[in-house]
Amino acid sequence: MSLLLQTEREQVLKHCRKLITLKLTTGSGGNVSLFNRHKNLVAVSPGSMDYFEIKAEDIMVVTPDGEVVDGKNKPSSETQFHLALYNHRSDVNAVIHSHSVFATAVSCLREDIPPLHYLVGLIGDKIPVTEYATFATKELADNIIKGIGTANAALLANHGAVSVGPDIETCFIIAEHVELIAQMYIYTKSIGSPVILDSDEMTKLQNKFKQYI
């Protein structure tokens, strides 16, 4: 007998493990969710569990309002902001929150990452940073919604990063690129000031990236 949202739960678990193996987070940090809009249900990683010790049935299923529908564990403590993103952005069907080192380092500066490289166009016209709020709070969810705007990712001040996408594979690619761009930003700032691409070029790049996401 198959699980409710079995495919989505398997995909969430797979990408939770990828967060660890690709060094985008450590331990049980970070969280992943996937929204099945047809069934109006969300598969979300459980809180504080070893991603390599759990199975698909340990991934939680909740409604867009946060009601637990299936699963014996507690949903991630950050489920609130995942659901806020789904409710705010109809183009978003996957959310990944990471504690990747370079992106988190920039988040501690509370700086947007400007368009120093063409790959920023995958995210938007920049990678914005949200205002700080304590983790697992409605204030954090509100700040993310306000700060991310229409971008595909944002830095969470003194916390980490969040990436969104139309599907989980694209979302994970975006999370990887956020970390890469953050690394470029730190390296370029360490030796000088990066030359920033202008708004016309960023509009052109964002339009070109639309064929990929």
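Overview of values
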| read-out | value |
| --- | --- |
| Surface share of carbon and sulfur [accessible, 1.4 angstrom probe, percent] for the range 25-135 | 50 |
| Neighbour net charge for Gly160 - beta-carbon separation under 15 angstrom, K R +1, D E -1 | -3 |
| On Cα atoms only, tilt of 6-21 relative to the major axis of the chain in degrees | 50 |
| Pairs from Lys14/Lys210; Lys18/Lys204; Lys126/Lys208; Lys14/Lys55; Lys74/Lys138 whose Cα-Cα separation, in the structure shown, is over 21 Å | Lys14/Lys210; Lys18/Lys204 |
| Diffusion constant of the range 143-213 at 10 °C, which comes from Stokes-Einstein with the Kirkwood Cα-pair radius and 1.306 mPa s, µm²/s | 116 |
| For the chain, calculated [θ]222 nm from helices alone, where every DSSP H run of n ≥ 4 adds -39500 (n - 2.57) | -12000 deg cm²/dmol |
| Kirkwood Rh in Å, taken over the range 22-81 so that all alpha-carbon pairs contribute | 11.8 |
| The chain: antiparallel DSSP beta bridges as a percent of all, rounded to 5 | 90 |
| Surrounding net charge for Lys72, when Lys and Arg each add one and Asp and Glu each subtract one, Cβ distance under 10 Å | -2 |
| Equivalent-ellipsoid semi-axes of the chain, from the Cα gyration tensor, Å, largest first | 29, 17, 15 |
| P(r) histogram, all alpha-carbon pairs of the range 8-116 included - 10 Å bins from 0, percent | 15, 45, 30, 9, 0 |
| Sequence-distant aspartates and glutamates (8 or more away, or on other chains) whose Cα lies within less than 18 Å of Lys72 | Glu8, Glu10, Asp50, Glu53, Glu57, Asp58 |
| Mean accessible surface per residue for the chain, computed with a 1.4 Å probe while every protein chain stays in place, in Å² | 48 |
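The values are calculated or read from the model by the stated rules, or taken from the named source; none is laboratory data. Every value quoted in this text rests on a predicted model; they were computed, and no experiment measured them. Note: ideal-geometry Cβ built from the backbone for every residue, glycine included; neighbour counts use all protein chains shown. Areas reflect the complete protein model, heavy atoms only, side chains present, ligands, DNA and RNA absent. Shrake-Rupley method; radii C 1.70, N 1.55, O 1.52, S 1.80 Å.
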